[in-house]
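Some notes on the structure that comes next.
The values are calculated or read from the model by the stated rules, or taken from the named source; none is laboratory data. As the structure is a prediction and not an experimental result, all values here were calculated from the model. Cβ placement follows ideal geometry from the backbone for every residue including glycine, while neighbour counts extend to all protein chains displayed. In case anyone asks, the SASA skips ligands and DNA or RNA and just uses the protein heavy atoms, side chains included. Shrake-Rupley method; radii C 1.70, N 1.55, O 1.52, S 1.80 Å.
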Amino acid sequence: MTKPQRNTYVCQSCGATSARWAGKCVACGEWNTLVEETDAGPPPGSGIVARTKGRVVRLESLKGSTQEAPRFSTGIEELNRVTGGGIVPGSAMLIGGEPGIGKSTLLLQLTANLARSGRRALYFSGEEAIAQVRLRAERLGLADAPVGLASETNLSNILATLAEGKAPDLVVIDSIQTLWADTLDAAPGTVSQVRAAAQSLIRYAKMAGSAVLLVGHVTKDGQIAGPKVIEHMVDTVLYFEGDRGHPYRILRAVKNRFGPCDEIGVFEMVSGGLREVANPSELFLGDRDAAAPGAAVFAGIEGTRPVLVEIQALVAPSGLGTPRRAVVGWDANRLSMLLAVLETRAGMSFSGHDVYLNIAGGLKIAEPAADLAAAAALVSSISNVALPRDAVYFGEVSLSGAVRAASLQTARLKEASKLGFGQAILPESGEADTSGLKVKLSRLSHVKLLAERALTCD
Ligand code: TYD
Ligand code: MG
């Protein structure tokens, strides 16, 4: 006799379940996210059998023989960097990003690379028909690569295909939201379907030793369920971000059980697909205006790599009662804080002015060390004096106005020197080894000195 099916309401935003429908999810507070789903037991292949007697597992000690996880190269240097050196066999990865950002393109390039180097790479597309994928492969010049391609959305069919023949090195599922397990009554893309499909595929990865790469779409407002609820199940979570107006794409590791996170890979979307950008600083500084007020170059660190990027500020007289503060690529709260510090500690007034701040090239900066560069851009814009063209800035500004040391200062200076910058405005404390570098240092203890020094040094 089959168990009677039970209906539950699942929040499509956070995955919380409740017995009754409500307009607002009690767990995450989102509105209109509860969707009725039928709870039909374990997904296929998960092997969960109810009421069996448990088996005693052997307990191990923490000490023992260990090995560095074996990896294979992806053939794409930027992808190797983000994954911590390559793909670990048997690992499960999730690559999230907005639709149209370039996930399918990247993964087609990846599978083609692996297939060409003699590895078995499979690509299951649930979104595009075979002809569409072929067309794209043709355009990218990858049509000759021996990739195993299928257009399939049924989970059982995919698992059956995977069980056939030699275990593949990499399986790409594009995308997890299109898969459906026929044992579940819910529509594809709902939390229970996404979770069930991910569970089965991850179990397959561990069992067969094949790496599985799942694609998950996320929209700007996080409307579509999915990627968030499976982040904890997979070993590595990568986000592919970028502005569709810009050709640059940034692949960011936000979780990595086998390597560092916070590492970024930079790509450029060109007509021939995604091109690796080995030196992102050159790209973000690409077309700088000559001596325009309001632009400061920030010497930042992304992961382990120094990246120079231009921060642009525009301070304009406002006709509004409450002036506008708009930020692209930086934290809006951080801007408010910085403006308050400049007003209180450096005696500048931004009231009656609209303030706009933009990070060039579509990069998003989360580092506190960007404070000083943002402050310099603001000071430059409000006083309408251009900053020296060959200067870089970094340092965290505290609420007292003091400039605090940043991490990896020497690495930042080296990158600046490499790109021809002749001076650096940096915190008073912290190591800074300039031996062999042609960079003049200008140490700053307080943000109020910025206006005096930043604008007068030559
Ligand atoms: P796609 O990989 O389909 O995005 P996703 O899978 O994340 O939804 O990327 C589609 C975009 O990339 C589309 O807007 C066109 C652009 N593109 C190029 O600019 N050059 C190319 O060679 C390819 C294949 C795509
Ligand atoms: Mg796609």
Solvent-accessible surface (1.4 angstrom probe) belonging to residue 446, in square angstrom, nearest 10: 40 Å²
Förster-model FRET efficiency, 22 Å R0, residue 60 and residue 233, C-beta, rounded to 0.05: 0.45
Binned Cα-Cα distances of the range 77-278, short to long, each 10 Å bin given as a whole percent: 9, 38, 40, 12, 0
Within the accessible area of the chain (1.4 Å probe), percent carbon and sulfur: 52 percent
Computed over the range 238-375: relative contact order in percent, which uses C-alpha pairs under 8 Å that are six or more apart: 22 percent
Solvent-accessible area of residue 255 with every protein chain in place, 1.4 Å probe, in Å² to the nearest 10: 50 Å²
Area of residue 400 that stays accessible when all protein chains are in place (1.4 Å probe, Å², to 10): 60 Å²
Per-residue ³J(HN,Hα) for the range 71-80, Karplus 6.51 cos²θ - 1.76 cosθ + 1.60, θ = phi - 60°, Hz, x for Gly and Pro: 9, 10, 6, 8, x, 10, 4, 5, 6, 4
Relative contact order (percent, whole number), the chain, Cα cutoff 8 Å, 6+ residue spacing: 12 percent
Where 343, 77 fall by accessible area, highest first, once all protein chains stay in place (1.4 Å): 77, 343
Square roots of five times the Cα gyration tensor eigenvalues for the chain, Å: 46, 27, 21
Per-residue ³J(HN,Hα) for the range 314-319, Karplus 6.51 cos²θ - 1.76 cosθ + 1.60, θ = phi - 60°, Hz, x for Gly and Pro: 9, 10, 10, x, 10, x
Label-to-label distance, nm, for residues given as residue 262 and residue 434 (7 Å Cα→Cβ offset): 2.6 nm
Per residue value of the accessible surface for the chain (all protein chains in place, 1.4 Å probe), Å²: 47 Å²
Exceeding the 27 Å Cα-Cα cut-off - candidates 103/414; 103/255; 103/228: 103/414
Long-range amide H partners of residue 123 with built H, under 5 Å: 148, 149, 150, 172
Interchain or long-range residues, amide H under 5 Å from residue 300's placed H: 307, 308, 309
Where labels lie 7 Å past Cα in the beta-carbon direction, separation of residue 138 and residue 98 in nm: 3.0 nm
Accessible area in the full protein assembly, largest first, 1.4 Å probe, for 310, 282: 282, 310
Sequence-distant residues sharing a close amide H with residue 242 (under 5 Å, placed H): 250
Full-extension gain in nm, residue 354 to residue 28, via 0.36 nm per residue minus C-alpha separation: 114.0 nm
Cα-based Rg of the range 295-412 normalised by 2.2 N^0.38 Å, two decimals: 1.01
In order through the range 244-252: 3J(HN,Hα) via Karplus (6.51 cos²θ - 1.76 cosθ + 1.60), integer Hz, x for Gly, Pro: 5, x, 9, x, 7, 10, 10, 9, 10
Over the chain: helical MRE at 222 nm, DSSP H runs n ≥ 4 each giving -39500 (n - 2.57), nearest 500: -7500 deg cm²/dmol
